[in-house]
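Below you'll find the structure, written out as structure tokens, and then a few comments.
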Amino acid sequence: MVELTDGQQLADIMALPEYDPDTVLMLGGGSNVLFTGDYRGLVVINMLSGKQLLDATDKHAFVRFFAGENWHDCVLWALDQGLAGIENLSLIPGSAGAAPIQNIGAYGVELDSVLDCVEAWDLQNNKLIMLRNADCQFTYRDSIFKKSPGRYWVTNITLKLSRGPRVRVAYRGIKEELQKMQIEQATPADVSEAVIRIRTRKLPDPAVIGNAGSFFKNPIVTAENAMRLASQHPGLPSFEQTGGLVKLSAAWMIEQCGWKGHREGDAGISEQHALVFVNHGAATGAELLDLAERVRASVNEGFGLLLDIEPFIPGPG
């Protein structure tokens with residue numbers, strides 16, 4: 001394992017005798033990764049640090065976050081600068097460099113709505129490149145970085161944030177939380193606080209009990225399929241998407257199949273949220289993956305949908 005703390009080290013890392021482009025693995029915070037065994041290749045920990053305020057006008061500003069920065073710290077820093085746009089993404093574990101890889105999203109906002117560009121090292125062509133938003137091929141929890149695993153090492157990201165007080169509170173949970181906080185005209189900081197309260201209440205803290213956040217993606221289906229499933233399963237939460245598609249709640253389906261709070265040894269599913277798999281102590285990654293596959297099969301049998309796993313699961317190297 002080596003730590004990347006300066007962009008100038010990239011050439012040095014690739015000159016190491018242990019370096020093999022087919023097996024080298026870049027990690028950020030590791031919060032969205034499940035190892036199912038020992039990894040035999042070289043692991044590079046991305047620790048590039050820095051937050052920069054770039055071009056600014058009265059209406060917006062560009063900010064640059066280096067890949068090793070803690071994502072939540074970046075959100076709070078942006079709020080301190082009077083900038084809005086990523087407050088709905090508060091308290092998502094992980095690093096800034098990982099944010100575009102799976103196009104992180106929460107409470108009605110996804111990263112691609114504010115991302116301007118990504119700087120990355122292209123291992124296939126051995127050069128530093130700049131990918132604009134459209135180049136990143138963003139979709140729901142997906143990007144060019146996931147489509148070509150291992151090819152790109154993100155070095156920094158640039159976001160276009162707003163200087164105005166505009167906030168996005170259409171997501172029902174945020175509206176309800178702001179009402180509990182007795183806030184009528186919410187500021188970006190208020191929205192961030194509401195999101196932090198919701199996440200703290202609903203999701204187990206990975207610093208307390210091991211987890212990778214949401215283990216499955218919410219399935220996106222056609223409106224016709226959504227109506228059919230809703231008629232068969234009254235109460236199934238659904239959310240309209242663009243293009244006539246509908247996003248369904250994977251957590252609801254898992255809970256309906258009886259898995260919420262389930263535990264086998266130290267491998268289990270959180271009692272707080274059915275979408276979060278947890279390690280109560282000494283569970284192996286292989287045990288957690290085995291449990292996840294049985295949950296997938298159960299949901300597929302009950303709803304006719306095969307859930308996609310969200311965390312990255314490295315091979316043996």
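Could you grab me the full set of residues in the range 220-240 that are touching a residue at least 24 places away in the same chain (Cβ under 8 Å) and under 18 Å from Tyr171 (Cα atoms)?
Hit for the range 220-240 is Ile220, nothing else.
Somewhere in the range 145-160, is a residue in a helix (DSSP H, G or I) and of a type in the set (A, V, I, L, M, F, W, C)?
Yes, some residue in the range 145-160 is in a helix (DSSP H, G or I) and of a type in the set (A, V, I, L, M, F, W, C).
Scan the range 111-142 for residues that are touching a residue at least 24 places away in the same chain (Cβ under 8 Å), assigned to a loop (DSSP other than H, G, I, E, B) and under 25 Å from Ala15 (Cα atoms) and jot them down.
Going through the range 111-142, the residues touching a residue at least 24 places away in the same chain (Cβ under 8 Å) turn out to be 111-124, 126, 128, 136, 138-142.
Filter again for assigned to a loop (DSSP other than H, G, I, E, B), leaving 114, 123-124, 126, 138, 140-141.
Passing the criteria: Leu123, Gln124, Asn126.
I'd like the full set of residues that are of a type in the set (Asp, Glu) and under 16 Å from the mean Cα position of the chain (by Cα), limited to the range 293-317.
Asp308, Glu310
Please find, within the range 242-266, the residue that is farthest from Ala230 (Cα to Cα) out of those that are not in a loop (DSSP other than H, G, I, E, B) and not hydrophobic (A, V, I, L, M, F, W, C).
Of everything passing the filter in the range 242-266, Glu264 is farthest from Ala230 (Cα to Cα).
Just need a number here: residues in the range 255-313 that are of a type in the set (Gly, Ala, Ser) and buried (at least 16 other Cβ atoms within 10 Å of the Cβ).
Step one: filter the range 255-313 for residues of a type in the set (Gly, Ala, Ser), giving 258, 261, 265, 267-268, 270, 274, 281-283, 285-286, 292, 297-298, 302, 304.
With the extra rule that they be buried (at least 16 other Cβ atoms within 10 Å of the Cβ), the set shrinks to 267-268, 270, 274, 283, 285, 292, 298.
Counting residues in the range 255-313 that are of a type in the set (Gly, Ala, Ser) and buried (at least 16 other Cβ atoms within 10 Å of the Cβ) gives 8.
Can you spot a residue in the range 46-56 that is closer than 17 Å to Phe312 by Cα and either of a type outside the set (Ser, Thr, Tyr) or without any contact (Cβ under 8 Å) to a residue 12 or more places away in the chain (or both)?
So far as the range 46-56 goes, yes, one or more of its residues are closer than 17 Å to Phe312 by Cα and either of a type outside the set (Ser, Thr, Tyr) or without any contact (Cβ under 8 Å) to a residue 12 or more places away in the chain (or both).
For every residue, the table says whether it meets (1) aliphatic (A, V, I, L, M); (2) touching a strand residue (DSSP E or B) at 6+ places or on another chain (Cβ under 7 Å).
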residue: Ser192; (1), (2): no, no
residue: Val208; (1), (2): yes, no
residue: Trp252; (1), (2): no, no
residue: Gly268; (1), (2): no, yes
residue: Leu275; (1), (2): yes, yes
residue: Asn279; (1), (2): no, yes
residue: Gly285; (1), (2): no, no
residue: Leu289; (1), (2): yes, no
residue: Glu293; (1), (2): no, no
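Restricting the first residue to the range 143-162 and requiring it to be over 24 Å from Gln9 (Cβ atoms), which pairs with a second residue that is crowded, with 23+ Cβ neighbours inside 10 Å and β-branched (Val, Ile, Thr) meet a Cβ separation below 8 Å and a spacing of at least six or different chains?
Hits for this filter: Ser143/Ile101; Lys146/Ile101; Leu159/Val63; Leu159/Ile86; Leu161/Val63; Leu161/Ile86.
Regarding the range 49-64, can at least one residue be identified that is small (Gly, Ala, Ser), more than 23 Å from Pro165 (Cβ to Cβ) and crowded, with 17+ Cβ neighbours inside 10 Å?
No, that holds for no residue.
Picking from Asn88, Asn103, which residue would you name as being of a type outside the set (Gly, Ala, Ser) and buried (at least 24 other Cβ atoms within 10 Å of the Cβ)?
Going through Asn88, Asn103 in turn, just one is of a type outside the set (Gly, Ala, Ser) and buried (at least 24 other Cβ atoms within 10 Å of the Cβ): Asn88.
We did not get these values from a lab; they are worked out from the coordinates using the rules stated. Here the structure is a predicted model, which means the values were calculated and not measured. Note that each Cβ is placed from the backbone with ideal geometry, even for glycine, and that neighbours are counted across all protein chains shown.
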